[in-house]
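Input: a single structure, listed below in C-alpha cells.
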Amino acid sequence: MSKTVLLTIGRLPKALDFARSFKAAGWRVLVVEPFKSHLTGASNCVDECFQVPPPSKGKEAYLTALLRVIEDEAVDLVLPLSEETMHVAHLAGRLPAQTRLYAPPVDHLLGLHDKARFPACAREYGLDVPETALIESPEAQGIAEGHDFVVKPIFSCSGRGVSLHVARTSLIGIAATLSEPAVVQVQLKGKQYSTFAIAQAGEVLTNVIYQGAVMTGSVAVAFERVELPAIQEWVATFVQRENHTGFISFDFFVDGSGKAWAIECNPRVTSGVHFIETEDLAPAILEPGSKPIRFKQTKLMQQFYPTLTEVQAAMFKGPHFWERLRVLRTAQDVTWDARDPMPFITMPITAFSIIAMSIRQQQTFGQVSTQDISWFEGACLELG
C-alpha cells in the first residue's frame, strides 16, 4: 500500500513541484488549501484536495481541520512549504504516531523567521549582516540618523509592510503607522540575490542561488540561477552552526567587493526550488543524502502569466520592455509539463480569486497570495 503525503498549500507553483515529485516516487498526494480552487488541485498528480479555514481566521481552527484530514486519511508525512509553515509547525506533539512532520521545532523556526532575531544570530556566527534594530530602540535611531534605511515588520513576507527611507527621516511618524513590531535595517547597495536550500543535520544537501529577471514589486516572477561562492559559503556556515534540518532560504545583497550580506532568512521553500530536478525533491526529504540532488539544465525560469503582465505593463512606459520580452520568449515556465498540462492551462481560472483580490486591494499577487497564511504573532487579517 502506498504511503500518503499531505501538502499544506496548493496555490503556489512550488507545491506543484512537490506533488509531481512524490507522485513519481509512488506516494498518494493530498493537498489542503483555504482556497477551493487552486493551481496544484488541477494536477493529475494530486489524488484529493481538502478545503480548510485559513490560519488568518484562527490558528486553532486551522490546526484542527488539518488534524482531521491527517487522521481520516492516515497521512504519513505532513509537508508545509510556504508561509503556512509557521502555523503547521504547531502540530508537533499532536500528530498520530505514524505521521511525520517535516518542519523544525516552532521556536527554532520562528527565530529564523524573525527579522530582529535572525541578524543577531548570524552576527554571533561571524557572518555579515546589515545593522538591524527594533524600531523603538536607541540603536534604530542611530541607524536612521546615519544611513538610508529599511523598515519592515519582524514577520514580513513578500514585501508586505516594507518601506524605504532616506537618512535622518524621523522614526516617530513611521512607528505611529505600524500595527505590529518592526525593525530598522541599514539599506544595502549592490546586487540582490535569493537562495533555497535543503539541509540535513547541519549539512547543506543542495543550495540554489538565483536573481530576479522580472519583478512584480519586490517579488520575482522570472528568475535566473547563478553561482556565487561567497553566498554558498555563508549559507553552509549558517546551516552548520544552526545544525538545521529542513528547508531554509535567504535574501542577500552582494557589494562591489564581492562580500555577501544576508538581509533576512525565510525558513521555507522559495522559487529557487524550480531549478531542482523535480524527481529529486521527494528523495531529498525521504532519504536525505542517499542520492545527488541535480539542477535542471535551464538557468532561466518564469511564471509565465505574471511575466506576461509585466511585459505588457512595460510596453508603453519604462525602459525594460525588450529585456522582459526576451525573458518571456526564452525562459522555461515553472508549471508546464506536457504529462501534466492542466495546471498551466487552467491557471488564469484557478488563480482568479487571488488575481481579483490583488486588483481590489491594489497589492501585488505575491502579497495577497500569502496574506491569509502568514504568521502575524496573534494578529488576524481578514480576506477581502
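What to note about this one:
- Nearest 10 degrees, 0 to 90: helix 13-24 Cα axis against the chain principal axis: 30 degrees
- Folded to 0 to 90 degrees: helix 304-313 orientation relative to the chain principal axis, Cα: 40 degrees
- Take segment 87-206 with all the other protein chains still there, run a 1.4 Å probe, and you get 44 Å² of accessible area per residue.
- Cα gyration tensor shape for the chain, rounded if a/c is under 1.5, else prolate or oblate: rounded
- Gyration tensor verdict on segment 177-309 (Cα atoms; rounded if a/c is under 1.5, prolate if a/b is larger than b/c, oblate otherwise): oblate
- Most simply put, segment 26-185 has about 60% antiparallel DSSP beta bridges, counting only bridges with both residues inside it.
- Per DSSP, loop GluC sites (Glu not before Pro) in segment 45-120 with at most 16 further Cβ within 10 Å: E73
- In the complete set of protein chains, residue-level accessible area for F376 is approximately 20 Å², probe 1.4 angstrom.
- Taken as Cα centroids, segment 109-137 and segment 317-334 sit 35 Å apart, rounded to the nearest whole angstrom.
- By accessible area with a 1.4 Å probe, ligands and nucleic acids excluded, highest first: order of E264, E124: E124, E264
- Heavy-atom accessible area with a 1.4 Å probe sorts K259, K317, K152, largest first, into K317, K259, K152.
- Antiparallel DSSP beta bridges within the chain, as percent of all bridges there, nearest 5: 75 percent
- Surface composition of the chain: carbon and sulfur atoms hold 54% of the protein heavy-atom accessible area at a 1.4 Å probe.
- Per residue, segment 234-384 exposes an accessible area of 49 Å² to a 1.4 Å probe, with every protein chain left in place.
- Area accessible to solvent at E203, 1.4 Å probe radius, in Å²: 110 Å²
- Relative packing of peptides 5-13, 223-231 - highest average C-beta neighbours within 10 Å first: 5-13, 223-231
- Separation between Cα centres of segment 210-230 and segment 15-81, rounded to whole Å: 28 Å
- With a 1.4 Å probe rolled over the protein heavy atoms of all chains, the accessible area of F352, F247 falls in the order F352, F247, largest first.
- Dipole magnitude of the chain about its Cα centre (Cβ charges: Lys, Arg +1; Asp, Glu -1), debye to nearest 20: 800 debye
The values are calculated or read from the model by the stated rules, or taken from the named source; none is laboratory data. Since the model is a prediction, treat every value here as computed from it, not as a measurement. Note that we place each Cβ from the backbone using ideal geometry, even for glycine, and neighbour counts take in every protein chain shown. Calculation scope for accessible area: heavy atoms of the full protein, side chains included, ligands and nucleic acids excluded. Shrake-Rupley method; radii C 1.70, N 1.55, O 1.52, S 1.80 Å.
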